[in-house]
Amino acid sequence: MAGPLLTEESIQEETAIQDTLRNIKHVIIVMSGKGGVGKSTVSSNLAMTLSMKGYRTGVMDIDITGPNIPKMFAVEDRQLMVENEKLIPVAIPPSLKLMSMAFLLQSKDTPVLWRGPVKMGAIKQFIEDVNWGDLDYLVIDMPPGTGDEALSIVQLIPKADGMVIVTTPQDVALLDSRKSLVFGAEANVPIIGIVENMSGFVCPHCGEVTNIFKSGGGEATAKDMNVQFLGRVPIEPGIVDAGDSGIPIVLGHPDSASAKAFSSIADRIIKTVEQR
């Protein structure tokens, strides 16, 4: 049986997507099996770390119904510019570009009440209708789970360099992170590795570490699932303040334990991706 006929419009859309991706060297998909594990915190600090290391980096926030990335860079009130019929991402020094649904809403309190096909259309526009320019890395901040947005991205960008799975050490989070690993395998997207977030609370007074949510579960899961363990990011009061103030901790507190962890994780990701 013959496949569906390609229309002129679908061919043009495919060409526009490929033209955009041709200028992006590496695509990193940041996923989590469940919400509340700090995936957007990891995405924003990872992207800023890459930018600080001299890489031209973009962040595509495709959590359509709960976009948080602009808040984490204190640019949620910015308006997008249009140039030559293309949206211009919001620029963050030294070499970071952001695109998020939050920039397109009338107010920060406006809910997005969309079903799957409409979400996929928006994600497609984030690729083909945005002037990303030349990028070394595009970090895609996903919503939690393996739903419409995840399926859309693996269809639109089948040759992504890989997924970074974010989890916390608790068993319930690890259970869901395993589902993300299986999703990546079934979608033929390589798994770059697992990040264990909220791995121990660092006391700001004495420096003692308390394992509020346990510790080591992410590393054990990585070993069990035969994927790379990228590292642990501790809980620090500074990381919460950084997210709320819009200054990622890697920029605001580069000597903190969290910032050092993100730097190490970024180095492992760079090494893995560029070796491939």
For region 144-155, Karplus-derived ³J(HN,Hα) couplings (6.51, -1.76, 1.60; θ = phi - 60°; whole Hz; x for glycine and proline) come out as x, x, 10, x, 4, 5, 5, 5, 4, 5, 5, 7
With label points set 7 Å from each Cα along the Cα-to-Cβ direction at K53 and Q275, the distance between them in nm comes to 1.4 nm
Of every hundred units of 1.4 Å-probe accessible area on region 35-126, the number belonging to carbon and sulfur atoms, as a percent, is 52 percent
Note: probe point = Cα of E85 + 7 Å toward Cβ; backbone nitrogen < 13 Å; residues of region 11-55 passing the test are 12-13, 16
Regression test value, accessible area per residue of region 147-276, probe 1.4 Å, units Å², expected 47 Å²
For G58, other-chain or 5+-apart residues with amide H closer than 5 Å (H placed, Pro excluded) are K97, Y137, L138, V139
Quick calc: nm separation of the 7 Å Cα→Cβ label points for C206 and D77 -> 4.2 nm
Once both label points are put 7 Å beyond Cα along the C-beta direction, the D255-Q18 separation in nm becomes 5.2 nm
Relative to the compact-globule estimate 2.2 N^0.38 Å (N residues), the Cα gyration radius of region 96-174 stands at a ratio of 1.24
Most packed first (mean Cβ within 10 Å per residue), the peptides 15-28, 107-120, 32-45 order as 32-45, 15-28, 107-120
Cα-based Rg then Dmax for the chain, in Å, read 18.3, 70
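Once every DSSP H run of n ≥ 4 in the chain is given -39500 (n - 2.57) and the sum is divided by its residues, what mean residue ellipticity at 222 nm do you get, rounded to the nearest 500 deg cm²/dmol?
Roughly -12000 deg cm²/dmol at 222 nm, from the helical runs in the chain.
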Under the Karplus relation with 6.51, -1.76 and 1.60 and θ = phi - 60°, whole-Hz ³J(HN,Hα) for region 28-35, x at Gly and Pro, equal 10, 9, 9, 10, 9, x, 9, x
Amide H proximity to V166 below 5 Å, modelled H, separation 5+ or other chain, gives M31, S32, G33, V195
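The values are calculated or read from the model by the stated rules, or taken from the named source; none is laboratory data. Since this is a predicted model, take the numbers as computed values, not measurements. Cβ sites come from the backbone with ideal geometry, for glycine too, and all protein chains shown count toward neighbours. Heads up: the accessible areas ignore ligands, DNA and RNA and are worked out on the full protein's heavy atoms, side chains in. Shrake-Rupley method; radii C 1.70, N 1.55, O 1.52, S 1.80 Å.
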